[in-house]
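Remarks on the structure that follows.
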Amino acid sequence: MKTRILLAVAAALSLSGPAFAGSKTSTFNVSSDVVANCTIVAADLSFGNYDPVIANKTTALDVDTTVTVLCTKGAAGVNVGLDTGSHASAGSRFMSDTVSGDTLQYELYSDSPGGTVWTNSGGGLVSWATFGPIGAGAGVAKTIHGRIPPGQDKSVGHYADVVTATVNF
C-alpha cells in the first residue's frame, strides 16, 4: 500500500512541473508614430473639339475633370495647387500644337467655370476643407473646371499641355 501511495505521489509530482523558488517581472513600452501623409491623383482633362468658327466663336468650351486626394486623418494645413502648365506665358495657361507652333489659351478653375483660377500659390490654392473629411478611405475628389475662351482663331491641329497638381501637407 505504501508503495502505491509513493508511486501516486511521485506521479503527481512529475506532472506538476518543476518547482520555482521565485519570479521577477519586467515591463517594456510599445509605441509607433502615425505620420502625416497624402496621395494625389489628377484625371486627364480632354476638351475634345474646339470650333472657333461656329460653336466656340462666341461661347466658351467648358469641361470638367477631377483631382482626388487622400490624407492621414488629422493632417493639418493641407491644400492643393495646380501649376500653370508647361506652355504658360505671362501667367496664363496655353496648350501648344507641336506642328504649327500655335497656342490655344485655356484656364482651370476651382469653384466654377470662369470663377476662381486654381493656381499653386496664395488665394489660388484650394484648402483641404473644400475637399471634405481627412482620412476618407478611397480619397476625396474635387472638380477641376476647365475653360477655353471663345473666339480664338487658331490653326488646325492637336493642342496639348501638361499641368502638375500638388498636395501640400
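Overview of results
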{"read-out": "Three-way shape call for the stretch 42-169 based on the alpha-carbon gyration tensor, with the a/c threshold at 1.5", "value": "prolate"}
{"read-out": "ASP33 accessible area, 1.4 Å probe, all protein chains in place, Å² to nearest 10", "value": "140"}
{"read-out": "Charge tally in the Cβ shell below 14 Å around THR84, where Lys, Arg are +1 and Asp, Glu are -1, THR84 excluded", "value": "-2"}
{"read-out": "SER46 accessible area, assembled protein chains, probe 1.4 Å, Å²", "value": "90"}
{"read-out": "Accessible surface of THR98 - all protein chains present, 1.4 Å probe, nearest 10 Å²", "value": "130"}
{"read-out": "Whole-Hz couplings from phi, Karplus 6.51/-1.76/1.60, listed for the stretch 114-124; x for Gly and Pro", "value": "x, x, 7, 5, 8, 10, 9, 7, x, x, x"}
{"read-out": "Residue order for VAL67, VAL163, VAL140 - accessible surface, 1.4 angstrom probe, largest first", "value": "VAL163, VAL140, VAL67"}
{"read-out": "Residues of type aspartates and glutamates that LYS142 reaches as a straight line, Cα spacing below 18 Å, ignoring anything fewer than 8 places off in the same chain", "value": "ASP44, ASP62, ASP64, ASP83, GLU107, ASP111"}
{"read-out": "Label-point gap, in nm, between THR143 and LEU45 - each point 7 angstrom along Cα→Cβ", "value": "1.3"}
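The values are calculated or read from the model by the stated rules, or taken from the named source; none is laboratory data. None of these values were measured; they are calculated from a predicted model. Positions of Cβ are backbone-derived with ideal geometry, glycine not excepted, and every protein chain shown enters the neighbour counts. Remember, those area values only see protein heavy atoms, side chains included, never the ligands or the DNA or RNA. Shrake-Rupley method; radii C 1.70, N 1.55, O 1.52, S 1.80 Å.
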